[in-house]
Amino acid sequence: MEAAKSRGLEAVFLRLSGLSSEVGHLRSFYYGRRSLSRIDGAIVRSLGSVVSVEQYVRRIALLKEMERSGITVMNPVEGLVMARDKYGALALLSRHGIKVPRTLVTEDLGLAYNFSKEVGRVVVKPLIGSRGYGSVLIEDPEVALRVFKTLISFNQVIYVQEYVAKRHFDLRVFVLGGEVLACIKRVSVVPGEWRTNIAQGGKAEAYKAPPEVEEMAIKACEVLGLWYAGVDVIEREGEYLILEVNAAPDWHGLMEATGVKPAKAIIDFIVEKVKK
């Protein structure tokens, strides 16, 4: 908001839950009961963390209608949807030759159990989520089985990934417009905490990513159709793998560690898109 206003733009904060759209007699958008007569561009910060299937479908449909109406939406809706589905995103990246950890999505309890026995240490994650919330490291297949049973009992899918051993850190590469804007090394400093997410107490340090990491992160955004993203990369025995691509990344830790201000760069980018 501050970055937009500093450029002399009129900027307002709108919750997706408060947006409505009417079609038929007169196509228009509303916020509450107020008609939104003119919107040039929209930056989607979040689709919402806990929503029903109906709410999710409505919000995506509304954003797509905004795009069809000539409003520049950032990130593009198709990219947002793909990146939000962690498994779908990794599957697409893998098909394009980008290395990712072994990952299984299933509703088959026995298959998930066999996967955990074969792989060893696994990370069970929510299929949709961010900031490391809800991710659990499990070292015993029998414990994993109990977790899988609990998920199935609540009609949840099982999304499980091999644990990639790391030296207490991973990389967050911030990509914007086909270029790497900045990169940080996220270091776990909380005793006993395996997650390096800043939201989980991780510490951010400025880092110069190797060219192959930058190329990988840029390609991941191109494959997923994202204009900007935070790409999480980890190194294993000299090779790099992408753990996740976040289409609505936080950047407080990155800004503090590098001095780079993504908000200003994002506003500059969407303004150019709107002009086109």
Quiz item: How would you rank 234-247, 11-24, highest first, on the average number of other Cβ atoms within 10 Å across their residues?
Solution: 234-247, 11-24
Exercise. Mind running the shape call on the chain? Use the C-alpha gyration tensor, a ≥ b ≥ c as the square roots of the eigenvalues: rounded below 1.5 for a/c, prolate if a/b tops b/c, oblate otherwise.
Key: oblate
Exercise. Treating only the Cβ atoms of Lys and Arg (+1) and Asp and Glu (-1) as charged, compute the dipole magnitude of the chain about its Cα centre; round to the nearest 20 debye.
Key: 820 debye
Practice problem: Give the cross-link partners of residue 185 among the lysines, using a straight C-alpha distance below 27 Å as the criterion and excluding same-chain residues fewer than 8 apart. | Solution: 86, 99, 125, 166, 203, 208, 219, 261, 264
Practice problem: Using the charge dipole of segment 103-162 (Lys, Arg: +1 at Cβ; Asp, Glu: -1 at Cβ; taken about the Cα centre), state which of 105, 126, 150 has its Cα farthest towards the positive end. | Solution: 126
Quiz item: Among rounded, prolate and oblate, which fits segment 103-162 when a ≥ b ≥ c are the square roots of the eigenvalues of its C-alpha gyration tensor, a/c under 1.5 means rounded, and a/b larger than b/c means prolate?
Solution: oblate
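Assuming a ≥ b ≥ c are the square roots of the Cα gyration tensor eigenvalues, decide whether segment 58-123 counts as rounded (a/c under 1.5), prolate (otherwise, with a/b larger than b/c) or oblate.
Taking the square roots of the gyration eigenvalues as a ≥ b ≥ c, segment 58-123 is prolate.
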Exercise. Could you work out how far the C-alpha centroid of segment 5-56 sits from that of segment 201-276, in angstrom?
Key: 26 Å
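We did not get these values from a lab; they are worked out from the coordinates using the rules stated. Predicted, not measured: the structure shown is a model, and the values here were computed from it. So basically every Cβ, Gly included, is an ideal-geometry build from the backbone, and we count neighbours across all protein chains shown.
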